[in-house]
Amino acid sequence: MTFYNTEVPRGTETYKRIYNQRTATERINSRILNDYGLHRMMIHTKKHYSFMTTMIGICIHLDARYKQAQTEV
């Protein structure tokens, strides 16, 4: 089996861009799990889980808009 994916050399601009995207994703995931308590919720159905993750996503966007509005004032 041959793999054609090669590692991106560290220190390159591409590596920095990919790494920054990764850390941003990890921060969002941490916020969803810890700040909004998704891992503590008793969710038993896929429908309920989807609803809660949608609501959490909306809250994250509202928090960002609120923070932006505070810096503009």
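The values are calculated or read from the model by the stated rules, or taken from the named source; none is laboratory data. What you see is a predicted model, and the numbers here were worked out from it, not measured in a lab. All Cβ positions, glycine included, derive from the backbone under ideal geometry; neighbour counts span all protein chains shown.
The table for this structure:
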| read-out | value |
| --- | --- |
| Residue pairs meeting the criteria (Cβ under 7 Å; at least 6 apart or on separate chains; first free of Cβ contacts under 8 Å to residues at least 12 places away in the same chain, in segment 38-66; second basic (Lys, Arg)) | none |
| Every residue from segment 13-52 that is surrounded by fewer than 10 Cβ atoms within 10 Å (Cβ to Cβ) and not in a helix (DSSP H, G or I) | Met42, His44, Thr45 |
| Conditions (1) part of a loop (DSSP other than H, G, I, E, B); (2) of a type in the set (Lys, Arg); (3) surrounded by 12 or more Cβ atoms within 10 Å (Cβ to Cβ); number of the one not met by Arg10 | (3) |
| Test: residue in segment 10-26 that is aromatic (Phe, Trp, Tyr) and at pLDDT 90 or above | no |
| Top-ranked residue of segment 53-69 - restricted to ones that are within 15 Å of Asn34 (Cβ to Cβ) and among the hydrophobic types (A, V, I, L, M, F, W, C), ranked as surrounded by the most Cβ atoms within 10 Å (Cβ to Cβ) | Ile56 |
